[in-house]
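Novice: Pasting a structure here, questions to come.
The values are calculated or read from the model by the stated rules, or taken from the named source; none is laboratory data. Everything numeric here is computed off the predicted structure, so don't read it as measured data. Neighbour counts are summed over all protein chains in view; Cβ atoms, including those assigned to glycine, are modelled from backbone coordinates with ideal geometry.
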């Protein structure tokens, strides 16, 4: 019954071309398959917080093995080419879970494709009082 209904709608019930399709969702790849079962980034000592900033490192020398990258790696590189992007932005832009993005970014960092910069710590930011004084000074002009 289910097969006949799906075929009547023009949707096959089994694998098409070796891949499974779920209605209109397209091919499904489990997150652990994208990361090779890894849950931690390969780059040790680097924390990929949601607000960590990532940029493509054109001078990093990692361009030679770019052909060995998977489609998810290339999508991340495309998103952070030219300007720093946060890990949260990259996860949203690729529609991948943050954990997967962290692992993939670790691969890219280890291969020399990207640079990671920590955002300015709150202790280094100017005090709120100083910012208000600057705003009031600008309004007075």
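Novice: If you scan the stretch 88-136, which residues turn out to be out of contact with any strand residue (DSSP E or B) (no Cβ under 8 Å at 6 or more places or on another chain) and either not in a helix (DSSP H, G or I) or not assigned by TED's automatic domain parsing to the domain that holds residue 78 (or both)?
Specialist: Of everything in the stretch 88-136, those that are out of contact with any strand residue (DSSP E or B) (no Cβ under 8 Å at 6 or more places or on another chain) and either not in a helix (DSSP H, G or I) or not assigned by TED's automatic domain parsing to the domain that holds residue 78 (or both) turn out to be 95, 96, 97, 111, 112, 120, 121, 125, 126, 127.
Novice: Continuing with the same structure: Name the residues in the stretch 49-74 that are buried (at least 17 other Cβ atoms within 10 Å of the Cβ) and at pLDDT 85 or above, would you?
Specialist: Listed by number, the residues that qualify are 52, 53, 54, 56, 72, 73.
Novice: Any residue that is farther than 23 Å from residue 30 by Cα and at pLDDT 90 or above - is there at least one of those in the stretch 85-99?
Specialist: Yes, the stretch 85-99 has at least one match.
Novice: What pairs can you find where one residue is in the stretch 31-42 and within 10 Å of residue 101 (Cα to Cα), the other is modelled with pLDDT under 70 and loosely packed, with under 11 Cβ neighbours inside 10 Å, and their Cβ atoms are less than 6 Å apart, with a gap of 6+ or different chains?
Specialist: Matching pairs, first to second residue: none at all.
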